[in-house]
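See below for the structure under consideration.
The values are calculated or read from the model by the stated rules, or taken from the named source; none is laboratory data. Note that the structure is a prediction, hence the values are computed from the model and not measured. Glycine also receives a Cβ, built like all others from the backbone with ideal geometry; neighbour counts cover every protein chain displayed.
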Amino acid sequence: MKIVDASVVVTSPGRNFVTLKITTDDGVTGLGDATLNGRELAVVSYLRDHVAPLLIGLDPHRIEDTWQSLYRGAYWRRGPVTMAAIAAVDVALWDIKAKVANLPLYQLLGGASRDRVRTYGHASGRDAPELFDSVRARLEQGYQSIRIQTGIPGLQRVYGVGGEPDALPDGRVRPLVEDWDTGAYLRHMPSVFEAVRNEFGPELPLLHDAHHRLTPLQAARLGKDLEPYDLFWLEDCTPAENQEGLRLVRSHTTTPLAIGEVFNSIHDFRTLVNEQLIDYVRAAVTHFGGVSPIRKLFDFAAQQQIKSAIHGPEDISPVGMAAAIHLDLAIHNFGIQEYAGYTAATDEVFRHAYTFTDGHLHPGEAPGLGVELDEELAAAHPYAPAYLPVNRLADGTVHDW
Ligand code: CS2
Ligand code: MG
């Protein structure tokens, strides 16, 4: 069996997605997600110009060898663009292997370790009444664990609470500028969780994403202040490139910690895992080099009783989401799966076998990943330039977003 084609499809059914499609000489196709939010076309070029020509003629069954040759052969290791491109190849090859075996991918990963995959959804609001409505809407959709993001008094636009990017008069898009004030945030958050607990009771699992904004000392304080509200986790409390900084956070709080959606290699987690400084690893299949390396990360994390929590925002395509759900079902140290859901237009372009019921996902029993890309429909949604927001303090200084 040989690879005869590797093509890249860019589509924007509401937001941009990049998909690699690999075709073999006997007509089997595999899909891989290569979406890197806000920098999509860099990965398109990496795949089209540098990777696709190398794939032609290879045996698609040699997944590990292909992964190692793309990783080591590039010489320039790691980084989100490289690892998203390698991930797309890895996932597409797993899709092909599982289709040839006529098995859903999770069966090749060891089979099911559970019956279904627990998820969490996103609730947000500018103030308490809006936030409560949002929590209720998620509960009605079936979610049983909920991430809480909220407006901060005195700030106009903050992470997770919406806002549209400004268009320039000539039609060009520029990043949305959000506001930040760490002091106001730290003063406000405990009262938000107190109000949510009073409204929804002690049992509902609640999560919160600090989105890389705090120093270790500030994160330690927030973790401590939120302890009475029994969070499922506090996510990305610091930027965490400084892995050692988490020692300080950890030694001051028992609030569980989740980190890693922007990481793209096992080395980014080494100190965090070895010293058990976190409770959940947040890597995305799409940005971590695919199913092969993230499986190794989860096995590494399991040695320290750390669980998985695969990144699953709207900007991971349904292809990346399907890969995540197969892994979630198969690995033993599964924690929780983020599932933000998709627009109807996205679900039409990417028809999928996975299902969402009562707050749980299941990958379905279709051979492979169980996702089909409707290329005709995809072409009807052309690429739309878009950026992630930029965060600024009151005096104009750029802050971590
Ligand atoms: C977030 C993401 O899902 C999350 O936890 O942190 O929404 C993140 O902001 C986006 O994936 C960035 O592209
Ligand atoms: Mg996050």
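Which one of these is assigned to a helix (DSSP H, G or I) and either farther than 28 Å from Ala345 by Cα or modelled with pLDDT of 95 or more (or both): Val89, Val4, Val18, Val8?
Val89
Filter the stretch 343-396 down to residues that are hydroxyl-bearing (Ser, Thr, Tyr) and not assigned by TED's automatic domain parsing to the domain that holds Ile325, then give me how many there are. Even if it seems obvious, please write down each step before you answer.
The first filter runs over the stretch 343-396 and keeps only residues hydroxyl-bearing (Ser, Thr, Tyr), leaving 343, 346, 354-355, 357, 383, 387.
Filter again for not assigned by TED's automatic domain parsing to the domain that holds Ile325, leaving 383, 387.
Looking only at that region, the number is 2.
Where the second residue is assigned to a loop (DSSP other than H, G, I, E, B) and of a type in the set (D, E, K, R) and the first is more than 14 Å from Asp400 (Cβ to Cβ) and lies in the stretch 172-183, which pairs have Cβ atoms under 6 Å and are six or more apart or on separate chains?
So the pair list comes out as Arg174/Asp166.
Can you confirm whether Gly312 is more than 16 Å from ligand 1 (Cβ to nearest atom), assigned by TED's automatic domain parsing to the domain that holds His211, in a loop (DSSP other than H, G, I, E, B) and surrounded by 21 or more Cβ atoms within 10 Å (Cβ to Cβ)?
Against the criterion (more than 16 Å from ligand 1 (Cβ to nearest atom), assigned by TED's automatic domain parsing to the domain that holds His211, in a loop (DSSP other than H, G, I, E, B) and surrounded by 21 or more Cβ atoms within 10 Å (Cβ to Cβ)), Gly312 does not qualify.
Is it fair to say Ile266 is buried (at least 23 other Cβ atoms within 10 Å of the Cβ), at pLDDT 95 or above and not acidic (Asp, Glu)? Reasoning before the result, please.
Working: buried (at least 23 other Cβ atoms within 10 Å of the Cβ): no; at pLDDT 95 or above: yes; not acidic (Asp, Glu): yes.
Against the criterion (buried (at least 23 other Cβ atoms within 10 Å of the Cβ), at pLDDT 95 or above and not acidic (Asp, Glu)), Ile266 does not qualify.
Let's see how each residue does on (1) of a type outside the set (S, T, N, Q); (2) surrounded by fewer than 21 Cβ atoms within 10 Å (Cβ to Cβ); (3) within 14 Å of ligand 2 (Cβ to nearest atom):
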{"residue": "Ala240", "(1), (2), (3)": "yes, no, yes"}
{"residue": "Leu248", "(1), (2), (3)": "yes, yes, no"}
{"residue": "Thr254", "(1), (2), (3)": "no, yes, no"}
{"residue": "Val262", "(1), (2), (3)": "yes, yes, yes"}
{"residue": "Leu272", "(1), (2), (3)": "yes, no, no"}
{"residue": "Asp279", "(1), (2), (3)": "yes, no, no"}
{"residue": "Val285", "(1), (2), (3)": "yes, no, no"}
{"residue": "Lys296", "(1), (2), (3)": "yes, yes, no"}
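So Gly289 ticks every box in (1) within 15 Å of the chain's Cα centre (by Cα); (2) within 16 Å of ligand 1 (Cβ to nearest atom); (3) in a loop (DSSP other than H, G, I, E, B) but one. Which box is left unticked?
Every condition holds for Gly289 apart from (2).
Considering only residues that are over 15 Å from Leu373 (Cβ atoms), of a type in the set (A, V, I, L, M, F, W, C) and in contact with a strand residue (DSSP E or B) (Cβ under 8 Å, 6 or more places away or on another chain), which ones fall in the stretch 320-355?
Across the stretch 320-355, the qualifying residues are Ala324, Ile325, Leu327, Leu329, Ile331, Phe334, Ile336, Ala340.
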